[in-house]
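**Q** Take this structure, written in structure tokens, and hold onto it; I'll ask about it next.
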Amino acid sequence: MADLRYEAPGTIADAVKLLAAADGTARVLAGGTDVVVQMETDLIDPDLIVDIKKIPDIKRIAEENGGYRIGAAASGMELCEHDGFAGAWPGVIDGVKLIGSIQVKGRATMTGNLCNASPGADSVPPMVTAGATAHVVGPDGARDVAVEDIPVAPGKTSLGKGELIESFHFPARPARSGDAYLRFTPRTEMDIAVVGVAVNLTLDEGGVCTQARVALGAVAPTVLLVKECADAIVGTKLDDAALDKLAAAASAACKPIDDKRGTREFRIDIAGVLAKRVAKIAYDRARANG
Amino acid sequence: MSKKLHVEFTVNGDEYDCLTEPHETLLDALRDKLMLTGTKEGCATGDCGACSVMVDGRLICSCLMLAAEADGAKVETIEGMAAGGELHPLQQKFLDMNGLQCGICTPGFLVAAKALLERNPNPTETEVRFWLAGNLCRCTGYDKIIRSVMAAAEEIRGA
């Protein structure tokens, strides 16, 4: 076991300094529900842990420019209990609610769910369809990065040495917008997505879809934002023909593996089935927001 | 040798301070440093809920939190559940209705169920089952646990 050093800096600048200067393996500790397990099971043997929870405002959930700013260490339960955020982005909450148990959500964060870079991370597809951006801080300054550009491969992110996510921004939503996320799992709780689908859409006054984003999880090395899926439903009222096109586009975009949780063929098929169901939920939610 | 960290927190209202290794979990500190062994280790990976405790009013798995993170925290464990030697209604119902067999999962179930009833005194059976999805029991088949929680909720509401 490495000579582990634990630090809990009081500013984001100090966190960056610690991470940038680290020799060996360094890990950011937000909720810890992945990092502590990986330490416990000897998957990682870090030399430095930087606990960010002592940084002021790192757990904030606040309105900003008509949207929301979510601090990196806001826990899943805090997000689920925040009526404003949960009301604005029910599809994101669909995903957050599926991250482990109540106990796990008491600690786990969307930031960790994203940076753990599992293809099956449940909060990631709805964050992508929301158009959320990560505010990344590092030794060379800050940058805002689309959520879909953070994971690059299973377990790997695009963050450079010394960089960490300080917060997310969720944009303001037009009227008549709705989002949703569903996953397929053999069990209803405490499971890992075999396939996950998120849809975020906006309707005009007549109920015609004017813009849409569709993202697939667990069917490729990283989350997929699929333009062909959006194209299938934009300009429609999500009639059966549009939904069939959406399903076909979702299945066509999948690049899944076979594993113990599902075969390649099953995942491709289910992605289409779920895409239809999720689009209908998002549509109904958008109608209700009219 | 990792540098030890001095942490202070309260457990069930009592102040504790101890030296912790950076990799030591709150679960290990509770059991091995403070000798509060009511909190159980099942999986040590956050899947079974046997180590459930409250930290600053939030239900968590103590195996998923480093002891160092608990500095300044208010921790509540199963040892604080029976007030003045009198069992909490949940504890009494688990006994009366055979809500346990081997008992390893029981402290976690009790702590988790108490957290539920404090925020929702009148849960449906479905709500109880979903809330307790992170607590695994390999003996009872869950039904007696769920019935015990429902009965305790009814008793608390009537009290």
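**Q** Could you grab the pairs with beta carbons closer than 8 Å, sequence gap of 6+ or different chains, first residue in region A:179-203 and in the same structural domain as A:Gly217 (by TED's automatic domain parsing), second one at pLDDT below 95 and in a strand (DSSP E or B)?
**A** Between residues of region A:179-203 that are in the same structural domain as A:Gly217 (by TED's automatic domain parsing) and residues that are at pLDDT below 95 and in a strand (DSSP E or B), the close pairs are A:Phe184/A:Gly262; A:Val194/A:Gly262; A:Val195/A:Gly262.
**Q** Conditions: (1) in contact (Cβ under 8 Å) with a residue 40 or more places away in the chain; (2) more than 28 Å from A:Ile52 (Cα to Cα); (3) outside the structural domain of B:Met150 (by TED's automatic domain parsing). B:Leu66 meets all but one. Number of the miss?
**A** (2)
**Q** Looking at (1) at pLDDT 95 or above; (2) within 13 Å of chain B (Cβ to nearest Cβ); (3) crowded, with 16+ Cβ neighbours inside 10 Å, which is the one condition that is false for A:Glu40?
**A** Going through (1) at pLDDT 95 or above; (2) within 13 Å of chain B (Cβ to nearest Cβ); (3) crowded, with 16+ Cβ neighbours inside 10 Å one by one, A:Glu40 breaks only (1).
**Q** Separate question: What tally of residues in region A:8-31 results from selecting those that are at the interface with chain B (Cβ under 9 Å from one of its Cβ atoms) and either of a type in the set (Asp, Glu) or out of contact with any helix residue (DSSP H, G or I) (no Cβ under 6 Å at 6 or more places or on another chain) (or both)?
**A** The number of residues fulfilling the criteria is 1.
**Q** Could you check A:Glu78 against (1) without any contact (Cβ under 8 Å) to a residue 24 or more places away in the chain; (2) farther than 25 Å from A:Thr188 by Cα and say which number it fails?
**A** The single condition A:Glu78 does not satisfy is (2).
**Q** Please verify whether A:Val208 is over 17 Å from A:Val128 (Cα atoms) and buried (at least 16 other Cβ atoms within 10 Å of the Cβ), treating the condition exactly as stated.
**A** Criteria not met by A:Val208.
**Q** Another question, if that's okay. For A:Ala232, are the conditions met, namely being under 28 Å from A:Ala88 (Cβ atoms), without any contact (Cβ under 8 Å) to a residue 24 or more places away in the chain and surrounded by 18 or more Cβ atoms within 10 Å (Cβ to Cβ)?
**A** Yes.
**Q** So is A:Thr222 at pLDDT 95 or above, of a type in the set (S, T, N, Q) and more than 16 Å from A:Ala282 (Cα to Cα) or not?
**A** For A:Thr222, the condition - at pLDDT 95 or above, of a type in the set (S, T, N, Q) and more than 16 Å from A:Ala282 (Cα to Cα) - is met.
**Q** Among the residues of region A:153-210, write down those that are under 18 Å from the mean Cα position of the chain (by Cα) and among the polar types (S, T, N, Q).
**A** A:Thr157, A:Ser158, A:Ser167, A:Thr185, A:Asn200
**Q** Among helices (runs of 4 or more DSSP H) lying entirely in region A:84-132, which contain 1 or more residues that are more than 10 Å from the chain's Cα centre (by Cα) and free of Cβ contacts under 8 Å to residues at least 40 places away in the same chain?
**A** A:90-97, A:102-105
**Q** Tell me, which strands (runs of 3 or more DSSP E) lie completely within region B:31-137 with 1 or more residues that are within 10 Å of chain A (Cβ to nearest Cβ) and closer than 23 Å to B:Ala153 by Cα?
**A** Because the criterion is at least 1 residues that are within 10 Å of chain A (Cβ to nearest Cβ) and closer than 23 Å to B:Ala153 by Cα, the strands (runs of 3 or more DSSP E) in region B:31-137 that meet it are B:52-55, B:58-61.
**Q** Find the residue count for region B:1-30, including only residues that are assigned to a loop (DSSP other than H, G, I, E, B) and free of Cβ contacts under 8 Å to residues at least 60 places away in the same chain.
**A** So the answer is 8.
**Q** May I pose another question? When region A:237-274 is examined, which residues are found to be more than 24 Å from the chain's Cα centre (by Cα) and outside any helix (DSSP H, G or I)?
**A** Of everything in region A:237-274, those that are more than 24 Å from the chain's Cα centre (by Cα) and outside any helix (DSSP H, G or I) turn out to be A:Lys237, A:Leu238, A:Asp239.
**Q** What is the number of the single condition among (1) in contact (Cβ under 8 Å) with a residue 12 or more places away in the chain; (2) under 20 Å from A:Thr129 (Cα atoms) that A:Ile49 does not meet?
**A** Tallying (1) in contact (Cβ under 8 Å) with a residue 12 or more places away in the chain; (2) under 20 Å from A:Thr129 (Cα atoms), A:Ile49 fails exactly one: (2).
**Q** Scan region A:63-93 residue by residue and report those that are in contact with a Lys or Arg (Cβ under 9 Å, 6 or more places away or on another chain), more than 14 Å from chain B (Cβ to nearest Cβ) and either over 14 Å from A:Asn113 (Cα atoms) or of a type in the set (A, V, I, L, M, F, W, C) (or both).
**A** Answer for region A:63-93, where residues must be in contact with a Lys or Arg (Cβ under 9 Å, 6 or more places away or on another chain), more than 14 Å from chain B (Cβ to nearest Cβ) and either over 14 Å from A:Asn113 (Cα atoms) or of a type in the set (A, V, I, L, M, F, W, C) (or both): A:Glu63, A:Gly66, A:Gly67, A:Arg69, A:Ile70, A:Ala72, A:Ala88, A:Trp89, A:Pro90, A:Gly91.
**Q** For A:Gly71, only one of the following conditions fails: (1) surrounded by fewer than 21 Cβ atoms within 10 Å (Cβ to Cβ); (2) over 20 Å from A:Val197 (Cα atoms); (3) in contact with an Asp or Glu (Cβ under 9 Å, 6 or more places away or on another chain). What is its number?
**A** All conditions pass for A:Gly71, except number (1).
**Q** Next up: Could you list, in sequence order, the residues of region A:46-65 that are outside any strand (DSSP E or B) and modelled with pLDDT of 95 or more?
**A** Once the filter is applied, which keeps residues that are outside any strand (DSSP E or B) and modelled with pLDDT of 95 or more, region A:46-65 yields A:Pro46, A:Asp47, A:Ile52, A:Lys53, A:Lys54, A:Ile55, A:Pro56, A:Asp57, A:Ile58, A:Lys59, A:Arg60.
**Q** Just give me the residues in region B:81-107 being of a type in the set (S, T, N, Q) and free of Cβ contacts under 8 Å to residues at least 60 places away in the same chain, in sequence order.
**A** Result: B:Gln91, B:Asn98, B:Gln101, B:Thr106.
**Q** Of the residues B:Ala151, B:Ala133, B:Ala73, which single one is more than 22 Å from A:Met190 (Cα to Cα) and in contact with an Asp or Glu (Cβ under 6 Å, 6 or more places away or on another chain)?
**A** Just one listed residue meets the conditions, B:Ala73.
**Q** Also: Which one of these is at pLDDT 95 or above and either β-branched (Val, Ile, Thr) or over 25 Å from A:Val128 (Cα atoms) (or both): A:Leu19, A:Leu98?
**A** A:Leu19
The values are calculated or read from the model by the stated rules, or taken from the named source; none is laboratory data. Just so it is clear, the structure is predicted and the values come from calculations on it, not from any experiment. Methodologically, a virtual Cβ is constructed for each residue, glycine included, from the backbone with ideal geometry; neighbour enumeration extends over all protein chains shown.
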